[in-house]
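We did not get these values from a lab; they are worked out from the coordinates using the rules stated. Fair warning: this is a prediction, and the values are worked out from it, not measured in the lab. Neighbour counts run over all protein chains shown; Cβ positions are idealised from the backbone, glycine included.
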Ligand code: ADP
């Protein structure tokens with residue numbers, strides 16, 4: 001497996017290419033070189049033997065020519081034999097001189113003297129004796145030795161006196177060629193070996209940076225960004241390494257940015273006031289935030305992996321209908337264990353389409369609108385109350401005016417009475433509007449609390465004085481009890497006066513003649529002053545106590561109206577006390593009396609003093 005992988009590597013390919021190139025080059029050069037050399041050697045061999053034969057023909061002519069032949073033939077031949085023997089003793093070739101009939105006269109081969117006088121019947125000899133000049137033939141003898149035969153006619157002109165016969169072994173030539181071949185093969189082998197070695201080294205310079213980059217790429221894929229590719233040069237691979245390092249940095253930055261974004265998103269999700277549930281393409285929940293879990297009162301495990309309709313407790317059809325509609329919003333109510341009131345939740349579905357995948361996931365936003373709904377309800381109630389409160393006096397005024405128009409004007413006594421009623425009603429309306437304005441100012445925090453140093457005892461005395469006439473008329477006694485520890489306090493005198501006026505006027509209104517009212521002030525602790533208005537009046541039934549500070553809330557509407565009350569006195573008192581940073585409370589025993597108590601904080605310096 002490892003071997004197989006090596007052959008697939010660039011390194012192996014480079015080495016193989018090098019080796020093949022060298023092999024082909026050497027082969028081409030070798031073939032061309034060997035062929036050229038071989039033909040050169042052969043030509044040289046043939047030529048030199050031809051020259052030898054040519055020279056010999058000229059030299060032996062005088063021995064073979066009948067006319068020029070001198071003396072005894074035998075002696076002449078012996079001499080010729082002797083010369084040829086001596087001349088070619090060291091030659092590897094055998095040279096024969098043949099007479100015109102084809103009989104061997106001389107041979108240069110000492111061991112071959114026996115053939116003298118025998119007929120040489122070789123074709124080439126016959127051809128030469130026939131006067132043909134160029135006769136040569138290559139052949140391989142029985143021993144496998146390659147030989148060449150060259151014959152030349154001896155004689156001038158048409159007359160042929162004999163022939164020269166040369167038979168030469170070509171073995172030396174071929175062995176030389178073999179040696180050269182051997183040399184070439186060895187050279188090729190060495191060149192190939194060197195090339196392979198060089199190939200390994202050279203290809204390593206290419207492949208090792210590539211391997212390093214591959215290693216680095218693997219590291220990046222596994223999320224390790226801290227290593228870098230070493231760049232050694234400015235060549236293409238160096239540039240690749242540089243680009244890779246750059247790309248890695250960019251990738252790291254992009255990933256860390258992504259990570260940051262994710263963390264941001266996670267923190268936004270967990271700190272969101274609204275609940276959020278997101279599903280995947282199959283409609284299964286994959287993300288749910290803290291608020292959503294609180295609203296649904298479920299754990300993450302209960303929600304993740306389930307479908308939205310399951311989690312929200314609605315049917316699939318409802319959800320589909322909503323999602324396909326223009327306003328994918330619905331109201332749901334959740335009842336939590338141990339809590340009296342239900343939670344009103346507005347659920348908005350958003351479908352997120354993925355163009356690439358061609359699928360859609362859903363995001364459900366859960367908004368807790370319980371407080372908003374309560375507020376809305378309170379506002380509706382308030383508007384209804386205001387309208388009602390205004391309509392009653394207006395209707396009364398209208399009916400009295402009509403009565404006056406219809407003739408009551410003629411009767412001065414009745415007319416005076418009617419005008420009186422309309423004035424009373426108008427005053428009540430003015431009071432109501434003034435109270436409403438004041439409440440609205442306190443609500444919108446426009447009312448500035450301008451504190452001034454105030455003597456509490458003096459302030460309470462003044463309240464009692466203001467109501468002295470009314471109290472006397474109703475025969476109600478008033479008592480002011482101020483603890484000696486109560487020091488001066490910083491407060492908005494006008495506003496606190498209004499609180500006290502509201503409370504005392506209530507006490508008077510709801511206390512029968514001959515009753516008793518007590519105004520008390522004491523220091524609750526170092527930091528707070530407590531003021532209370534107590535009466536011995538009709539009291540308030542228990543069931544109404546919790547709502548008594550609500551706007552327009554009255555125990556007995558008719559009575560309150562008759563008394564000229566607007567139903568806003570206690571709520572104004574509460575707003576003013578709250579604006580001072582204090583609290584207000586009411587205790588009452590039905591038929592026994594009522595005690596309204598409020599506290600006001602001392603400022604830091606006063607508390608210290
Ligand atoms: P109103 O103008 O009707 O007095 P308030 O807000 O001052 O409006 O008081 C609200 C209601 O609380 C009154 O209608 C009355 O029923 C009850 N109430 C207030 N003070 C007293 C009290 N001292 N004794 C008995 N009932 C009281």
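I need the shape label for region 59-194. Rule: rounded when a/c is under 1.5, else prolate if a/b > b/c, else oblate, with a, b, c from the alpha carbon gyration tensor.
Because a/c hits 1.5 or more and a/b exceeds b/c, region 59-194 counts as prolate.
Taking the chain as the reference, fit the longest principal axis to its C-alpha atoms, fit the long axis of helix 370-405 to the helix C-alpha atoms, and give the angle between the two in degrees, 0 to 90, nearest 10.
Rounded to the nearest ten degrees, it is 30.
Of the peptides 188-201, 527-540, how do they stack up when ordered by the mean number of other Cβ atoms within 10 Å, highest first?
527-540, 188-201
Between residue 424 and residue 493, what's the calculated FRET efficiency when r is the beta-carbon distance and R0 is 25 Å? Round to 0.05.
0.25
What full-extension length gain, to one decimal in nm, is calculated for residue 211 and residue 372 as 0.36 nm per residue of separation minus the Cα-Cα distance?
Between residue 211 and residue 372, full extension yields an extra 51.4 nm.
Take each of the peptides 571-582, 510-521, 445-456, average the number of other beta-carbon atoms within 10 Å over its residues, and list them starting from the highest.
571-582, 510-521, 445-456
I want to check the label-to-label distance for residue 55 and residue 29. Put each point 7 Å from Cα in the C-beta direction and report it in nm to one decimal.
3.8
Could you state the angle between the C-alpha long axis of helix 10-64 and the longest principal axis of the C-alpha atoms of the chain, as a value from 0 to 90 degrees rounded to the nearest 10?
Helix 10-64 sits roughly 10 degrees off the main axis of the chain.
What is the helix-to-structure angle for 412-443, meaning the angle in degrees between its Cα long axis and the longest Cα principal axis of the chain, kept from 0 to 90 and rounded to the nearest 10?
30
Compute the length gained on full extension between residue 443 and residue 333: take 0.36 nm times their separation in residues and subtract their Cα-Cα distance, giving the result in nm to one decimal.
36.6 nm
What percent of all Cα-Cα pairs in the chain falls in each 10 Å bin, counting up from 0?
The distribution over the chain is 3, 9, 10, 8, 8, 7, 6, 5, 4, 4, 4, 4, 4, 3, 3, 4, 5, 4, 2, 1, 0, given as percents.
Based on the mean of other Cβ atoms within 10 Å per residue, sort peptides 48-56, 90-98, 330-338 so the most packed one is first.
90-98, 48-56, 330-338
Based on the alpha-carbon gyration tensor of region 333-390 and its eigenvalue square roots a ≥ b ≥ c, which shape applies: rounded if a/c is under 1.5, prolate if not and a/b is larger than b/c, or oblate?
oblate
What's the extension gain from residue 547 to residue 293 if we count 0.36 nm per residue and subtract their Cα-Cα distance?
Fully extending the segment from residue 547 to residue 293 adds 88.1 nm.
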